[in-house]
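**Q** Sending over a structure as structure tokens; questions will come in a sec.
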Amino acid sequence: MVGLKPPEVPPTAAVKFVSAGMAGCIADLCTFPLDTAKVRLQIQGEVRIPRSTGTVEYRGVLGTLSTMVRTEGPRSLYSGLAAGLQRQMSFASIRIGLYDSVKQLYTPKGAESTGLAARVLAGCTTGAVAVTCAQPTDVVKVRFQANGALADGARRYSGTVDAYRTIAREEGVRGLWRGTLPNIARNAIINCGELVTYDLIKDTLLRAQLMTDNVPCHFVAAFGAGFCATVVASPVDVVKTRYMNAGPGQYRNVLSCLLALLMQDGLAGFYKGFVPSFLRLGSWNVVMFVSYEQLQRAVALAQS
């Protein structure tokens, strides 16, 4: 199956915006357990958790998933899904759905094609704006994914709404935007790694006539984009996850969180959870970009 044919008329910005949000939700539904495993591996061995060779809870992706199912039940794999879907409807819609429109703003008038600089600037811009808008949902998602690692009596939130209320009450409204700066850095990098790489790989395949503009081409471009994004974004992703999950006063700022991680685990600590990160980001990109392209074409077909 090669999917729907490309529309003759390019989709509007509104169609791309909605399609991106829906595609992000579909991708999250398919890959959320891998994201939860990544978060658990990234926070394992944090300063506040006593460290010894006999108390390691999670070992590898499959080990983490099986341990969670055994100790917390299958539902734990989707802890924080509601916040995750809320995040995608705002986050993916902006950073992916508006990418082409912003890219055109950075492209000089009369240029035959969009240069690398314009693509990178567009990726950074939509990534930063998306984070600023969606940060509270990301904070709640991470807190929920980490929540199950605590004993029942120590769990902080009973539900998604309770998490928003509790964070705002105990940490102030600023608590909902905890880790915004590292998250902006992470998503500027990831957005460039994903969107720019996807854009370039897809353009190259089409220009060289190695593939046609359909599902196999989207799959190859998305897989390459996922790998590149994981390699460049893992260090800042680990710091972001730990800082967003931290309680009040645990770290003075993002830099102190980074230094604590470096002192504890060395440079290897920046790539904690790399395998689940790649499995998650690679599969997420494949599902998202294929869904995104097909949703745009389905809307165009419905309108014709």
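The values are calculated or read from the model by the stated rules, or taken from the named source; none is laboratory data. As the structure is a computational prediction, the values presented were derived from the model and not from experiment. Cβ coordinates were reconstructed from backbone atoms using ideal geometry, including for glycine residues, and neighbour counts include every protein chain displayed. Only protein heavy atoms, including side chains, enter the accessible area calculation; ligands, DNA and RNA are left aside. Shrake-Rupley method; radii C 1.70, N 1.55, O 1.52, S 1.80 Å.
**Q** With no solvent and one equal point scatterer per Cα, compute the Debye intensity ratio I(q)/I(0) for the range 152-304 at 0.11, 0.14 Å⁻¹ and report its log10, rounded to two decimals.
**A** -0.60, -0.84
**Q** So for the chain, taking the charge dipole from beta-carbon charges (+1 Lys/Arg, -1 Asp/Glu), which of 128, 105, 258 sits furthest toward the positive end?
**A** Value computed over the given set: 258.
**Q** Compute the FRET efficiency between residue 117 and residue 59 as 1/(1 + (r/R0)^6), taking r as their Cβ-Cβ distance and R0 = 45 Å, and round to the nearest 0.05. Intermediate values should be presented prior to the final figure.
**A** On the way: r = 43 Å, r/R0 = 0.96.
Using R0 = 45 Å, I get an efficiency of 0.55.
**Q** Here's something else I'd like to know. Rounded to the nearest 10 Å², what accessible area does residue 227 have for a 1.4 Å probe in the complete protein model?
**A** 100 Å²
**Q** What is the magnitude of the charge dipole of the chain about its Cα centre, with +1 placed on the Cβ of each Lys and Arg, -1 on the Cβ of each Asp and Glu, and no other charges, expressed in debye to the nearest 20? Please list the in-between numbers first.
**A** Numbers: 31 positive and 20 negative charges, 128 e Å.
Its charge dipole is roughly 620 debye.
**Q** Can you sort 271, 292, 164 by solvent-accessible area, 1.4 Å probe, largest first? List each step's numbers first, then the result.
**A** Working: 271 95, 292 15, 164 55 Å².
So, going from the largest accessible area down, we get 271, 164, 292.
**Q** Just 259, 121, 77 to compare: in a GNM of the chain, with alpha carbon springs under 10 Å, which one fluctuates most?
**A** Sorting by GNM fluctuation, first place goes to 259.
**Q** Please report the accessible area of residue 69 (heavy atoms, 1.4 Å probe, ligands and nucleic acids excluded) in Å², nearest 10.
**A** Here the residue's solvent-accessible area equals roughly 60 Å².
**Q** Which whole-number value in Å³ per residue fits the convex hull of the alpha carbons of the range 82-178? Write out the running numbers ahead of the final one.
**A** On the way: hull volume 9.8 nm³, N = 97.
Looking at the range 82-178, the number lands at 101 Å³ per residue.
**Q** What is the dipole size for the range 180-272, taken about its Cα centre, with +1 at each Lys and Arg Cβ and -1 at each Asp and Glu Cβ, in debye to the nearest 20?
**A** Working: 7 positive and 6 negative charges, 65 e Å.
Dipole magnitude for the range 180-272 comes out near 320 debye.
**Q** Further question on the same structure: First select every other residue whose beta carbon is under 13 angstrom from the beta carbon of residue 125; then total the charges, Lys and Arg +1, Asp and Glu -1. If you can, show how the numbers build up before the last one.
**A** On the way: positive: 95, 103, 119; negative: 100.
Computed value for this residue: +2.
**Q** Quick check: pseudo-label points 7 Å beyond the Cα along Cα→Cβ at residue 256 and residue 302, how many nm apart are they?
**A** Here the modelled spin labels are 5.0 nm apart.
**Q** Still on this structure, please answer the following. Grab the other residues whose beta carbon is less than 13 angstrom from that of residue 175, score K and R as +1, D and E as -1, and report the net. Let's see the in-between values first.
**A** Values: positive: 143, 156, 165, 169, 174, 178; negative: 138, 170, 171.
Residues near residue 175 contribute +3 overall.
**Q** Given the options 279, 41, 267, which has the most mean-square fluctuation in a GNM of the chain, springs set between C-alpha atoms less than 10 angstrom apart?
**A** 267
**Q** While we're on this one: Put 156, 165 in order of accessible area, largest first, 1.4 Å probe: what do you get?
**A** On the way: 156 75, 165 160 Å².
My answer, sorted largest first, is 165, 156.
**Q** Okay, next question. What is the spin-label model distance, in nm, from residue 109 to residue 181 if the labels are put 7 Å beyond Cα along the C-beta direction?
**A** Once both label points are built, they end up 3.9 nm from each other.
**Q** Report the label-to-label distance for residue 2 and residue 161 in nanometres (one decimal), using points 7 Å from each Cα along the Cα→Cβ vector.
**A** Reported label-point gap for residue 2 and residue 161 is 5.0 nm.
**Q** Let's test the formula: R0 of 25 Å, r as the Cβ-Cβ distance of residue 12 and residue 209. What FRET efficiency results, to the nearest 0.05?
**A** Details: r = 28 Å, r/R0 = 1.13.
Here the calculated transfer efficiency is 0.35.
**Q** Which residue, 285, 191, 214, has the most motion in a Gaussian network model of the chain that connects Cα atoms within less than 10 Å?
**A** 214
**Q** Something else: Hand me the tally of lysine pairs in the chain: alpha carbons under 25 angstrom apart, and the pair either on different chains or 8 or more positions apart.
**A** 15
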